[in-house]
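Values in this text are rule-based calculations from the coordinates and carry no lab data. Fair warning: this is a prediction, and the values are worked out from it, not measured in the lab. Here the Cβ is made from the backbone with ideal geometry for all residues, glycine too, and neighbour counts use every protein chain on show.
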Amino acid sequence: MPGIRQQLIGSWELIDWKLFRGEATLDPHLGPADNCGGLLIYSADGSMSVALSVKDRPVFTDESLDGGTPEEKAHAYETITCYSGGFDFDEDTHVVTHHVRYATFPNFVGRDLKRVCIFEGDTLKLDTPPMLHGGENLASYILWQRVK
């Protein structure tokens, strides 16, 4: 049977995402998981990339790559979260650490983001320790389905 790190390798599609305030379950800043999409990729060379987005985002009125009104650009930024970099995996603790090199949220750059991996069949649940959301430290998880 392959090691857990090897099980990570491949592409994963978002199927659920929740935050927790005590016993209460909340939707993330992008909204309910049904209204969001996402792709998480782990490569054998130790690179990773993730994009989480609201589905059906409005297009800019100006189709130029540098187009968009200030309002359109602000809304576009508010409806997507992406980062990429490298990753390491600890087989003993089942913790994957994302070493962020590039991100839509500039405060992620240079950080190590730790996630606990829970595999169940073709799904991967990544539990996240508390992070700031709306001024509160909230734990969360994202549930991914392996892309076939």
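Points to keep in mind about this one:
- Taken over the stretch 66-91, the criterion of being touching a residue at least 24 places away in the same chain (Cβ under 8 Å), in a loop (DSSP other than H, G, I, E, B) and of a type in the set (D, E) is satisfied by E91 alone.
- Failed criterion for G68 (all others in (1) surrounded by 17 or more Cβ atoms within 10 Å (Cβ to Cβ); (2) within 15 Å of the chain's Cα centre (by Cα) hold): (2)
Residues are listed down the side, and each one gets a yes or a no for (1) closer than 20 Å to Y102 by Cβ; (2) in contact with a Gly (Cβ under 8 Å, 6 or more places away or on another chain); (3) exposed (fewer than 14 other Cβ atoms within 10 Å of the Cβ); (4) touching a residue at least 24 places away in the same chain (Cβ under 8 Å):
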residue	(1), (2), (3), (4)
W17	no, yes, no, yes
T25	no, no, yes, no
P28	no, no, no, yes
D34	no, no, yes, no
V59	no, no, yes, no
